[in-house]
Amino acid sequence: MNRLLPLLLGLCALLAPARSYAEPADIAAAARGVVRIVLVRIDDDGAQLIGHGSGYAVTPTLVVTNAHVVAPLAEDERLVMLVVPPQGKRGWAARVKAYSPGNDLALIQIDGGALPALTLSPAPVGDGAQVYAVGYPGNVDMAQGLNQVDLITPTSAVKTEGTVSGGRSAKAFDTILHTAPLAAGNSGGPLLDGCGRVIGTNSFSTMAESSEADFFFAVSMREISRFLRANNVPARTSALPCKSMADFDRAEAERLAGERAASADATRLTSEERSAASAKTQRDAELEVISERENRMALAGLALLGALIAAGTGVWLGQQGRRRDQKIAFALTTVLLASAFFAWLSRPPLSAIDDRAAALARAGAPSGAASTSALAQGALKCVIDPSRSRVTVSDAGDVPLDWRADGCVNARSQYGQSADGWARVLVPNTEDTVTVARFDPASGTYSTSRYLLDESAMTMARKARSNYTPPTCGASPEAVRKLGESQQGVIALLPPTPNERLVYHCSADSGAAAAKE
């Protein structure tokens, strides 16, 4: 019995559904837009650091934080504010753009810099959901022995994990109660879901006594959304369910397996149908040949009988002295004999059955154009497939695509061709994101995979991208293949899995076609 119990427990573990964990890459990508907010007093004695908190970018130049983080600025005109990013060489001067102490929110405008904006999730947060707090806790700074200069130097944010305790909120404003550890300095930083989307702004914690557990509060997305709308901030949002890339890869593998099984079934049925059709064609050919043989033989027999009658009639007419009519009868006899001979010789042999069957098969087969699926081209409308797409940072609207057979897209972008198909790799200089766009004309499938990279990885990707120049539309097949090979140098530097993958189904855009007419 003692040996049986572990075996049963192990079996249960194998049969239990796998839990979907967050993608560490998503949390790391979101952390690129989490900043330290530093308040510095400047007077005759020089500059002195007064305090710091955290914040996160909702646009490249706007940062959300807690109102209590920036409140000292209104009390002391000698204070200035700096926003210090997690990477780079320095921080930037900043100023308060909006201040809402009623729900402990503030909006900061940065000057002279830009940040990767985080995506907000307005979807309800479930009880027990896995969450992550990202920010700059002061106790970590102290443990590391950081000085004042270190605190205004770009440093990676700290990430902690916990769960949501639903059903409880502060009375002053709507909050999320959670267990992701916070400390002084975390105030104003984001609370993230497993996909790296903001679900709250960390604000305060309980005051635990000795053995009591710590709990923490974040301003809810309901409050944040109202605050941003009131200040006309065009933040990026996504309410789609949070699933890991492993979940999507597993679903994609199951889909492909299903398609292969369906294709195998279709192939088997097609083979059986071809066999049945071939047997029927063979029978039809055999019946046709035998029928023609019998018809020719019957025709020869009738012609021979007619010749005998005509000959007998000719003899009788000769006895009657009707020479002219006798000649006509004998001429008819000759024609009928020749016809009988020709009908007999022209009957098809039994060996012609196979040739006749082949001819019938060719006549019944569809033409090459009809049997081949049409490739997607021209003006297309591409609609996202949510079941195959993991959306974290992008809009999921329809995509217009004008595809040419030579890989030219929208009359301006040449795609490269490689063993992986048609693709274009985008490595912008203005944002830390690499996008790999692919199109499969045979299935009409368009996809974009986005990789949210840190500064060092982007530097390497940009260097690899500088090694080649994409040709213009209408390039030669050789130049198109060379582009496909060159792009592999960038793709080889990317992580195994993207942060986001959007898959679209493309079909003819009747609206665009009508507009052209």
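The values are calculated or read from the model by the stated rules, or taken from the named source; none is laboratory data. Note that the structure is predicted; figures quoted are calculated from it, not measured. All Cβ positions, glycine included, derive from the backbone under ideal geometry; neighbour counts span all protein chains shown. Accessible surface areas use protein heavy atoms only, side chains included; no ligands, DNA or RNA. Shrake-Rupley method; radii C 1.70, N 1.55, O 1.52, S 1.80 Å.
So what is the calculated 222 nm ellipticity per residue for the chain, using -39500 (n - 2.57) for each DSSP H run with n of 4 or more, over all residues, to the nearest 500 deg cm²/dmol?
Values: 14 runs with 197 residues, N = 517.
That calculation yields -12500 deg cm²/dmol at 222 nm.
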The size of the Cβ-based charge dipole (Lys, Arg +1; Asp, Glu -1) of region 43-111 about the Cα centre, to the nearest 20 debye, is 440 debye
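So, R0 is 60 Å and r is the distance between the beta-carbons of residue 355 and residue 385; what FRET efficiency does that work out to, to 0.05?
Details: r = 50 Å, r/R0 = 0.84.
With R0 = 60 Å, the Cβ-Cβ based efficiency is 0.75.
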Rounded to one decimal in nm, the spacing of the 7 Å Cα→Cβ label points at residue 325 and residue 68 is 13.6 nm
Rounded to the nearest 0.05, FRET efficiency between residue 510 and residue 127 (Cβ-Cβ, R0 51 Å) equals 0.65
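So, R0 is 60 Å and r is the distance between the beta-carbons of residue 334 and residue 472; what FRET efficiency does that work out to, to 0.05?
0.15
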Scattering profile of region 55-184 from the Debye formula, Cα beads only, expressed as log10 I(q)/I(0) at q = 0.18 Å⁻¹, is -1.24
Relative contact order of the chain (C-alpha contacts under 8 Å, at least 6 apart) in percent is 11 percent
Computed over region 260-391, protein heavy atoms only, probe 1.4 angstrom, the accessible area per residue in square angstrom equals 67 Å²
Hydrodynamic radius by Kirkwood for region 414-488, inverse mean 1/r across distinct Cα pairs, in Å, is 13.0 Å
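Using +1 on the beta carbon of Lys and Arg, -1 on that of Asp and Glu, and nothing else charged, what's the dipole of region 353-489 about the Cα centre, debye to 20?
Details: 15 positive and 15 negative charges, 30 e Å.
Result for region 353-489 is approximately 140 debye, rounded to the nearest 20.
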Filtered hits (aspartates and glutamates, Cα-Cα < 20 Å from residue 171, offset >= 8 within chain) -> 104, 127, 214, 223
If each K or R counts +1 and each D or E counts -1, the residues other than residue 228 whose Cβ falls under 12 Å of its Cβ total +4
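Would you work out what percent of the accessible area of region 237-339, with all protein chains in place, is carbon or sulfur (probe 1.4 Å)?
Details: 4290 of 7010 Å².
The C+S portion of the solvent-accessible surface of region 237-339 is 61 percent.
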Mean 1/r over distinct Cα pairs of the chain, inverted to a Kirkwood Rh in Å, yields 29.8 Å
Restricting to lysines and to Cα separations under 25 Å from residue 463, and discarding same-chain partners fewer than 8 apart, the set is 89, 482
